[in-house]
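Let me begin by presenting the structure, written as structure tokens, before commenting on it.
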Amino acid sequence: MVLDAVARMNIALNDAKIFVKYRGFERFASNQFDTISYSSGTNTYSQMKTWAASNGYKHPNAINVYMPKWAQNSPNGGFSGIATPLGAVFAIRFEAVTTPVMLHELGHVLGLPHTFVGYNSSNCEHVTRDPNDPNYNADTAGDRIIDTPAQDTMWNDVEPNSCEYTGNGSDCENVLYVITPEDTKNFMGYGGLRLCGDRFTVGQKIRMRERLLTSSTMANAETDIASLFEPYKGEYYLAGPYNPTIHTPLFQPGFNYRFTECSGNYPQPAEFYDISYPVNWNNVLLGINQDETNYGNIKHPNHSAIYIEEVDEVGNDSDYYDYPRKCYDNNNKAAGSGIVTKFNDGVLNANVTVMPQDSTAINNPQLIQNLQPGLYKIDKVYDNGAIDQTIILKDNN
Ligand SMILES: [Zn+2]
């Protein structure tokens, strides 16, 4: 669930060149904060934050997301999430972790207000979008983001299938709202949030980037691009016995990865800033889509380097990250199995004899020497899925 949430965050934010690195997940027991309340009692969100910080459950270099079993603001009411704007902390009810509410709270943490803020004040955001209209105030009222329309909370005013606004609300000058389904899908509104929420506007993305660049309270939670190229779990195989449950470096979902063939003998992966090795762009050993749901598939194959499409234009130099990173080219590992294919006619055609090999046979140093003369293809299949293919012409010597 947490990896799913991290993937959703990245898919929603990556075109704004904001990336979220998964740092980990842990459980802790606290009877007092099984349920957190909004603002009253002995189990408020504020008290939980203090308790967590003083009991070692707040990481100083991360956005900390707490997931209580339940959240309530009165004996009969509940809420789904609560955030500290630019505070690197929020809480979200367990059931809401994989819903748009997660993005709503993250939006608050990155400095976004609600799209309806101030709607019931006399100084509300007006409906007009025409900067030449004397009533225009979209840049100075409400959320001060001009591509989100004037609106109220739209509670019960959104048709959940079409995401159409069905209300007839108006601004504080009695001008009827103009709200499209695209507007109700905004993460920072309320009406369509649970079922329709799927987007931030360009204006909101710009605002989040501005806040991140200027906020001192978020600075410790920021890291470098290189961190996205570190596995969240698993270790690289170096030498000696191979254990796939340990030696499988796993990468977070939510990106389009291309693990591209590289060479250079890097038994540990190359340093992130070392791109001196050659890559074969035409041979992608493993391609992963950003909506991949089988997270066990997202692993770094031997003899490949990591290319993340979403990252490739970060920075002032648009080519800076446009090269596969962290070449992992380890030749210490024996193949798990293999196939020897003989081309019976002595040319590359379909008349073949296929001879599967077990690990002992495919790793036998005498393998080629023992073959009869002829044309062969030898496939060495590694346990991580990589295949090393060689064509040989064996003569009478
Ligand atoms: Zn909110």
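The values are calculated or read from the model by the stated rules, or taken from the named source; none is laboratory data. Predicted model, so just to flag it, every value in this text is computed and none were measured. With ideal geometry, Cβ positions are generated from the backbone for all residues, glycine too; neighbour counts draw on all protein chains shown.
Does Asp379 satisfy being of a type in the set (Asp, Glu) and not in a strand (DSSP E or B)?
Details: of a type in the set (Asp, Glu): yes; not in a strand (DSSP E or B): no.
No: the conditions fail for Asp379.
Please determine, by comparing only the residues of region 22-33 that are among the aromatic types (Phe, Trp, Tyr) and assigned to a loop (DSSP other than H, G, I, E, B), which one is surrounded by the fewest Cβ atoms within 10 Å (Cβ to Cβ).
Step one: of region 22-33, the residues among the aromatic types (Phe, Trp, Tyr) are 22, 25, 28, 33.
Next, only the ones that are assigned to a loop (DSSP other than H, G, I, E, B) stay: 22, 25, 28.
On the way: Tyr22: 21, Phe25: 12, Phe28: 10.
Among those that are among the aromatic types (Phe, Trp, Tyr) and assigned to a loop (DSSP other than H, G, I, E, B), it is Phe28.
Condition test on Ala5, is it part of a strand (DSSP E or B), modelled with pLDDT of 90 or more and under 30 Å from Gly234 (Cβ atoms)? Before the answer, list the steps.
On the way: part of a strand (DSSP E or B): no; modelled with pLDDT of 90 or more: yes; under 30 Å from Gly234 (Cβ atoms): yes.
No.
Can you tell me which residues in region 216-251 are surrounded by fewer than 18 Cβ atoms within 10 Å (Cβ to Cβ) and over 30 Å from His303 (Cβ atoms)?
Within region 216-251, Ser216, Thr217, Ala219, Asn220, Glu222 meet the criteria.
Please determine whether any residue of region 268-288 is within 26 Å of Lys58 (Cα to Cα), of a type in the set (S, T, N, Q) and out of contact with any His (no Cβ under 8 Å at 6 or more places or on another chain).
As a first pass, look at region 268-288 and keep what is within 26 Å of Lys58 (Cα to Cα): none.
No; the residues of region 268-288 include none that is within 26 Å of Lys58 (Cα to Cα), of a type in the set (S, T, N, Q) and out of contact with any His (no Cβ under 8 Å at 6 or more places or on another chain).
Can you name every residue in region 172-209 that is more than 21 Å from Asn156 (Cα to Cα), more than 21 Å from the chain's Cα centre (by Cα) and assigned to a helix (DSSP H, G or I)?
Matches in region 172-209: Gly203 only.
Of the conditions (1) surrounded by fewer than 16 Cβ atoms within 10 Å (Cβ to Cβ); (2) touching a residue at least 60 places away in the same chain (Cβ under 8 Å); (3) of a type outside the set (Gly, Ala, Ser), Asn186 fails just one. Which one is it?
Asn186 satisfies every listed condition except (1).
For residues that are of a type outside the set (A, V, I, L, M), in a strand (DSSP E or B) and modelled with pLDDT of 95 or more, scanning just region 281-304, find the one that is surrounded by the fewest Cβ atoms within 10 Å (Cβ to Cβ).
Looking at residues that are of a type outside the set (A, V, I, L, M), in a strand (DSSP E or B) and modelled with pLDDT of 95 or more, I get Gly287.
Can you tell me which of (1) in contact (Cβ under 8 Å) with a residue 60 or more places away in the chain; (2) β-branched (Val, Ile, Thr); (3) farther than 30 Å from Leu213 by Cβ is the one Ile63 doesn't meet?
Answer for Ile63: the failing condition is (3).
Would you confirm whether any residue within region 112-126 is within 12 Å of the ligand (Cβ to nearest atom), touching a residue at least 60 places away in the same chain (Cβ under 8 Å), over 25 Å from Ala62 (Cβ atoms) and assigned to a strand (DSSP E or B)?
no
Among the listed residues Ala16, Ala62, Ala53, which satisfies the condition of being farther than 23 Å from Gly197 by Cβ and within 18 Å of the chain's Cα centre (by Cα)? Reasoning before the result, please.
Details: Ala16 fails: farther than 23 Å from Gly197 by Cβ; Ala53 fails: within 18 Å of the chain's Cα centre (by Cα).
None of the other options fit; the residue is Ala62.
Say whether the condition of being more than 30 Å from Ala219 (Cβ to Cβ) and of a type in the set (Ser, Thr, Tyr) is met by at least one residue in region 181-193.
So the first thing to find is which residues in region 181-193 are more than 30 Å from Ala219 (Cβ to Cβ), and the list is 181-185, 190-192.
Retained after the next criterion (residues that are of a type in the set (Ser, Thr, Tyr)): 184, 190.
Within region 181-193, one or more residues are more than 30 Å from Ala219 (Cβ to Cβ) and of a type in the set (Ser, Thr, Tyr).
Counting just the residues of region 92-111 that are more than 11 Å from the ligand (Cβ to nearest atom) and of a type in the set (Gly, Ala, Ser), which one comes out farthest from Leu195 (Cα to Cα)?
So the residue we want is Gly111.
Looking at region 34-91, which of its residues are within 16 Å of the ligand (Cβ to nearest atom), hydrophobic (A, V, I, L, M, F, W, C) and outside any loop (DSSP other than H, G, I, E, B)?
Scanning region 34-91 gives Ile36, Val65, Ala71, Ile82, Ala83, Val89, Phe90, Ala91.
Tell me yes or no: at least one residue of region 154-161 is within 16 Å of the ligand (Cβ to nearest atom), of a type in the set (Phe, Trp, Tyr) and buried (at least 21 other Cβ atoms within 10 Å of the Cβ).
Within region 154-161 (the criterion being within 16 Å of the ligand (Cβ to nearest atom), of a type in the set (Phe, Trp, Tyr) and buried (at least 21 other Cβ atoms within 10 Å of the Cβ)), the answer is no, since none of the residues qualifies.
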